[in-house]
């Protein structure tokens, strides 16, 4: 099968890959670019473990062909923070016990990031609805929601302090 030349920006860095037309973005990220934060879960878009941001929208990278991402800007969990400088959401998940096994966490945090971009001051109900496409089998969601609400409050306080 003929491979296609794909150009995309991942976590702020320009990347070029060769991909088969049927290759999924999740496989391109993990296997060609060694970006392993997004996880392969169900491969049917039900679990959300593979959630990334593409051109400012949350997408499940197991349902996007790499060819569809040609020219796109992709942000994964790796693009939100570093081990030495965690993103507010990453810190909140750690501090409020929003993770257990950690398998869903990268997709959950990436989705929460986009949610807070779209709605900086969500209610608990809005958070629950906003993350409803991301499944967690360990936590029962209570601490995930608490983590997202805490991050929202911190981000809003930082924004107010800067103004």
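The values are calculated or read from the model by the stated rules, or taken from the named source; none is laboratory data. These numbers come from a predicted model, not from an experiment. Glycine also receives a Cβ, built like all others from the backbone with ideal geometry; neighbour counts cover every protein chain displayed.
Residues that are at pLDDT below 95, more than 18 Å from residue 152 (Cα to Cα) and loosely packed, with under 15 Cβ neighbours inside 10 Å: does segment 65-80 have at least one? So far as segment 65-80 goes, no, none of its residues is at pLDDT below 95, more than 18 Å from residue 152 (Cα to Cα) and loosely packed, with under 15 Cβ neighbours inside 10 Å. Residues that are surrounded by 20 or more Cβ atoms within 10 Å (Cβ to Cβ) and free of Cβ contacts under 8 Å to residues at least 60 places away in the same chain within segment 150-163 comprise just one, 152.
Taken as a whole, the structure places residue 135 among residues that are out of contact with any helix residue (DSSP H, G or I) (no Cβ under 8 Å at 6 or more places or on another chain) and crowded, with 17+ Cβ neighbours inside 10 Å. With respect to residue 127, determine if the residue is farther than 26 Å from residue 13 by Cα, crowded, with 21+ Cβ neighbours inside 10 Å and either touching a helix residue (DSSP H, G or I) at 6+ places or on another chain (Cβ under 9 Å) or not assigned by TED's automatic domain parsing to the domain that holds residue 20 (or both). Judged against the criteria, residue 127 is a match. Considered as a group, the residues in segment 89-98 that are in contact (Cβ under 8 Å) with a residue 60 or more places away in the chain and buried (at least 20 other Cβ atoms within 10 Å of the Cβ) include one that is farthest from residue 143 (Cα to Cα), and that residue is 89.
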